[in-house]
Amino acid sequence: MVPEVEVLSKETVKPSTPTPDHLRRYQLSFLDQISPPVFMPMTFFYPPDPDSRFSHTDISNKLNQSLSENLVRFYPLTGRVKDDFYVHCNDEGVPNIGARVKGQLSETIRDPAPKELHKFHPYQLDDVKNFTVAVQVNFFDCGGVGVSVLISHKVADALSYVHFLNSWAATTRPQPGRIHSWPPVRLGCSLPAKKNGRIQKRYWYSKREYCDKETCVQCLSSSCSQSQALSAFFASRSKPTPKGGSATAGLYFREYKQNSNSSACRDSGKESYDVLSPMRDAIRKVNGDYVTKLQEGNRHLDFLKDRSEGVSRREVVSFSFTSLCRFPLYEADFGLGKPIWVGSGSLTFKNVVVFIDTSSGDGIEAWVNLKDADMAKFEKDKELLSLLSPIPNA
């Protein structure tokens, strides 16, 4: 249970140096234009330091100062999205909320429900408006700190998020660190989905236990990552159904020459590998030629149209996987040390699974977002749940 969170301050942080006139307009690619207006959420939790001489005010001031300096390098994040077409880099600034958490950090991260983590966020994930980024710094009564950063998916992907975060952290630390600049490349997009009747839960998978499974052996022999193998295993075990009837539960791979729909056939005895093989082949096709054709736009839009029509006809249920594994999330040191846990939140989309490395690096957290009925079935799958390990901080 996440304790009560009380908002203490609201302010807007602007870049320390005005954005030059020739950089005032940041054009969004067509992928960004059709991307849904939703925040990507992460909260970084730092343990109390009994030897610290800094007050909450000192920490807030330092974070504000370094954020202001960092926004000069990431100038689109100081602006506002206009008509889903471009970012007006007008230095309007980043909303920054200071909050008090009436409780202990250790109790909060023991086993939090994803929906409870929204208390640490400055806004609801679908309340983007025209913002690009928003921050909330949460101070626990015990001295711990939770830094929540939301970035609009219209202007950044996960890689951009991590670049911005670690650049901000490096600017805050007294010792020099690697500084990144805007903009990294963005090549992803997703479709909006209804929020009604969905639930998200967090699971923890030990890499050692998972590697004992047949799926992982097939994965390693096929040169696939553990997150890919876990995606295949999840897809083979999960069959979300549309309202009012049955449909093929498919996993789409975005390769516009042929949009692979790999059905989860549980009678084959090799269902995980049946998903793994086309996933690996589709990823291999993402090369220079793919990007060149992607920039034309038409084929990708045709794929999205076909997929939407299939969902509308209830022929296909979309199931999406995304992995943040091996991203340096646990390197974000603001001078408070490295985070003891990085948490996300209850996403606004159904049928989504997000993989994140555990803080120890020897496991993977799976944040599973399903409809209530599908989650109930999911939690009864004994083979899938046999991979679970006790949550480390529970």
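The values are calculated or read from the model by the stated rules, or taken from the named source; none is laboratory data. Not measured: the values here are computed from a predicted model. Every residue, glycine as well, gets a Cβ built from its backbone with ideal geometry; the counts of neighbours run over all protein chains shown. For accessibility, only protein heavy atoms count, side chains too; no ligands or nucleic acids. Shrake-Rupley method; radii C 1.70, N 1.55, O 1.52, S 1.80 Å.
Structure summary
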read-out	value
Stretch gain in nm, segment Gln65-Leu385, where the contour uses 0.36 nm per residue and the Cα spacing is subtracted	110.6 nm
Whole-percent carbon and sulfur share, accessible surface of region 318-377, 1.4 Å	53
Listed pairs Lys305/Lys350; Lys285/Lys377; Lys10/Lys350; Lys115/Lys377; Lys115/Lys371; Lys293/Lys350 exceeding 25 Å between Cα atoms	Lys285/Lys377; Lys10/Lys350; Lys293/Lys350
Range of Cα positions in region 274-394 per principal axis (Å), largest first	47, 38, 28
Pairwise label distance in nanometres, Asp127 with Asp281, each label 7 Å out on the Cα-Cβ vector	4.7
Met40 accessible area, 1.4 Å probe, all protein chains in place, Å² to nearest 10	30
Ser346 long-range amide H proximity, modeled H, under 5 Å	Lys115, Leu117, His118
Surface accessible to a 1.4 Å probe, Val342 within the full protein complex, Å²	0
Computed lengthening from Val7 to Gln33, 0.36 nm per intervening residue step minus Cα-Cα distance	6.1 nm
Pair-distance profile P(r), taking every C-alpha pair of region 1-134, with 10 angstrom steps and integer %	11, 34, 33, 17, 5, 0
5 Å binning of all Cα-Cα separations within region 329-379, expressed as whole percents from 0 upward	4, 17, 22, 18, 15, 12, 6, 4, 1
Solvent exposure, largest accessible area first (probe 1.4 Å, DNA, RNA and ligands not counted), of Phe54, Phe45	Phe54, Phe45
Gain in span if fully extended, Glu92 to Lys115, counting 0.36 nm per residue against the direct Cα distance	5.3 nm
Burial order of peptide ranges 104-115, 69-80, 363-374 (average beta-carbon count within 10 Å, highest first)	69-80, 363-374, 104-115
Accessible surface of Tyr26 - all protein chains present, 1.4 Å probe, nearest 10 Å²	50
Candidate residues Lys10, Lys285, Lys154, Lys338: accessible-area rank, largest first, probe 1.4 Å	Lys10, Lys338, Lys285, Lys154
